[in-house]
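See structure below.
The values are calculated or read from the model by the stated rules, or taken from the named source; none is laboratory data. Since this is a predicted model, take the numbers as computed values, not measurements. Ideal geometry is used to build each Cβ from the backbone, glycine not excepted, and the neighbour counts take in all protein chains shown.
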Ligand SMILES: Nc1ncnc2c1ncn2[C@@H]1O[C@H](COP(=O)(O)OP(=O)(O)OP(=O)(O)O)[C@@H](O)[C@H]1O
Ligand SMILES: [Mg+2]
């Protein structure tokens with residue numbers, strides 16, 4: 001692939017296997033440029049989460065290469081605390097399962113945690129924490145223990161903790177899973193607003209009703225753990241034979257199709273002028 005100055009992430013012939021030895025990613029070459037809005041699509045187990053963890057600097061390809069912001073990203077570089085801290089400030093990652101992400105004793109501490117690592121003044125940490133809790137409509141959870149929350153509440157806290165850091169690149173693994181329709185709608189429109197503000201957004205999903213709302217480009221993985229197609233999203237969702245071939249449609253039933261109408265609700269996460277509203281009933 002020719003080098004593009006605006007590339008944020010770049011994988012060349014990358015492969016990754018977990019300890020059991022089966023490939024999770026096989027010969028993957030792709031890049032993501034600044035300001036793009038990309039969706040990673042594919043059936044269960046095809047490697048979406050593995051790819052996103054590589055982007056997040058949590059896993060490292062065992063074959064091929066990976067560069068972030070124009071520099072090779074290796075395990076040894078990420079073992080340097082100051083490098084890793086800086087990287088995680090630039091690249092926010094929301095895990096597929098919020099249980100992996102949440103570890104503090106209260107929701108407020110959870111959201112403040114990343115900000116405290118930046119040595120910001122206490123007043124700023126408190127105000128940014130309060131702002132993001134208000135945005136997500138989770139102020140009433142502030143003093144609760146994250147691991148005692150419902151799945152959807154945990155997901156909101158995990159999203160809040162990453163948004164509080166205001167990273168330039170947002171990586172979201174199945175972001176709408178477990179969220180009720182109002183919160184899904186709010187999140188979709190929030191992603192629109194963040195993209196308009198210049199953020200780079202990479203999401204994984206198997207939800208074909210969601211993908212055209214949250215991405216302009218779709219990278220489709222096959223069940224052989226490699227890239228099957230890399231297309232404008234609008235073209236990809238119309239290509240039924242291709243979607244069938246990778247097990248995203250079977251006998252006319254799309255994978256995880258939720259009601260698309262919920263994305264058109266006026267009560268979503270932005271005001272008429274496009275600014276972000278609070279997410280609440
Ligand atoms: N921690 C792990 N240890 C061993 N194997 C793993 C681990 N995590 C994932 N795998 C395997 O790696 C492959 C890719 O998994 P991955 O989680 O990346 O898929 P995915 O596309 O995100 O799937 P899903 O749609 O179910 O979230 C699968 O075969 C999976 O079983
Ligand atoms: Mg996954």
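Looking only at region 153-180, how many residues end up being part of a helix (DSSP H, G or I) and closer than 25 Å to residue 54 by Cα? Please lay out each step first, then the result.
Just the residues of region 153-180 that are part of a helix (DSSP H, G or I), to begin with: 153-164.
Add one more test, that the residue is closer than 25 Å to residue 54 by Cα, and what stays is 154-164.
So the answer is 11.
So the check is Cβ under 6 Å with 6+ separation or different chains; which pairs have a first residue in region 169-187 that's within 11 Å of residue 202 (Cβ to Cβ) and a second one that's part of a loop (DSSP other than H, G, I, E, B) and modelled with pLDDT of 85 or more?
Hits for this filter: 170/199; 171/56; 173/95; 173/96.
Condition test on residue 196, is it touching a helix residue (DSSP H, G or I) at 6+ places or on another chain (Cβ under 8 Å), more than 16 Å from ligand 2 (Cβ to nearest atom) and at pLDDT 85 or above?
On the way: touching a helix residue (DSSP H, G or I) at 6+ places or on another chain (Cβ under 8 Å): no; more than 16 Å from ligand 2 (Cβ to nearest atom): yes; at pLDDT 85 or above: yes.
Taking the combined requirement at face value, the residue does not satisfy it.
Could you list all residues from region 131-172 that are within 16 Å of ligand 1 (Cβ to nearest atom) and buried (at least 23 other Cβ atoms within 10 Å of the Cβ)?
Within region 131-172, the subset within 16 Å of ligand 1 (Cβ to nearest atom) is 151, 155, 158, 171-172.
The answer is 155, 158, 171, 172.
Mind listing whichever residues of region 31-45 are more than 25 Å from residue 20 (Cα to Cα) and surrounded by fewer than 17 Cβ atoms within 10 Å (Cβ to Cβ)?
Of all residues in region 31-45, those more than 25 Å from residue 20 (Cα to Cα) come to 31-39.
Selection gives 33, 34, 35.
So residue 124 fits all but one of (1) in contact with a helix residue (DSSP H, G or I) (Cβ under 7 Å, 6 or more places away or on another chain); (2) away from ligand 1 (no atom under 16 Å from the Cβ); (3) under 29 Å from residue 34 (Cα atoms); what number is the exception?
In the conditions (1) in contact with a helix residue (DSSP H, G or I) (Cβ under 7 Å, 6 or more places away or on another chain); (2) away from ligand 1 (no atom under 16 Å from the Cβ); (3) under 29 Å from residue 34 (Cα atoms), residue 124 misses (1) alone.
Could you tell me how many of the residues in region 62-91 are farther than 26 Å from residue 15 by Cβ and modelled with pLDDT of 95 or more? Before the answer, list the steps.
Filtering region 62-91 down to residues farther than 26 Å from residue 15 by Cβ leaves 81-82, 85-86, 89.
Right, trim to modelled with pLDDT of 95 or more and you get none.
So the answer is 0.
Enumerate the pairs (first residue in region 40-59 and more than 16 Å from residue 219 (Cβ to Cβ) and at pLDDT 95 or above; second residue anywhere and within 9 Å of ligand 2 (Cβ to nearest atom) and outside any loop (DSSP other than H, G, I, E, B)) with beta-carbon separation below 8 Å, excluding pairs fewer than 6 apart on the same chain, so at least 6 apart or on different chains.
Hits for this filter: 59/50.
For the condition in contact with a strand residue (DSSP E or B) (Cβ under 8 Å, 6 or more places away or on another chain) and within 16 Å of ligand 2 (Cβ to nearest atom), what is the one hit in 211, 162?
Working: 162 fails: within 16 Å of ligand 2 (Cβ to nearest atom).
Only one candidate passes the filter, namely 211.
Please count how many residues of region 40-97 are farther than 17 Å from residue 7 by Cβ and within 16 Å of ligand 2 (Cβ to nearest atom).
18
Check every one of the helices (runs of 4 or more DSSP H) wholly within region 1-119 and list those with 2 or more residues that are in contact with a strand residue (DSSP E or B) (Cβ under 9 Å, 6 or more places away or on another chain) and farther than 30 Å from residue 208 by Cβ. Spell out how you get there, then give the answer.
On the way: elements: 48-55, 75-78, 81-90, 98-101, 107-117.
Filter on region 1-119 gives 81-90.
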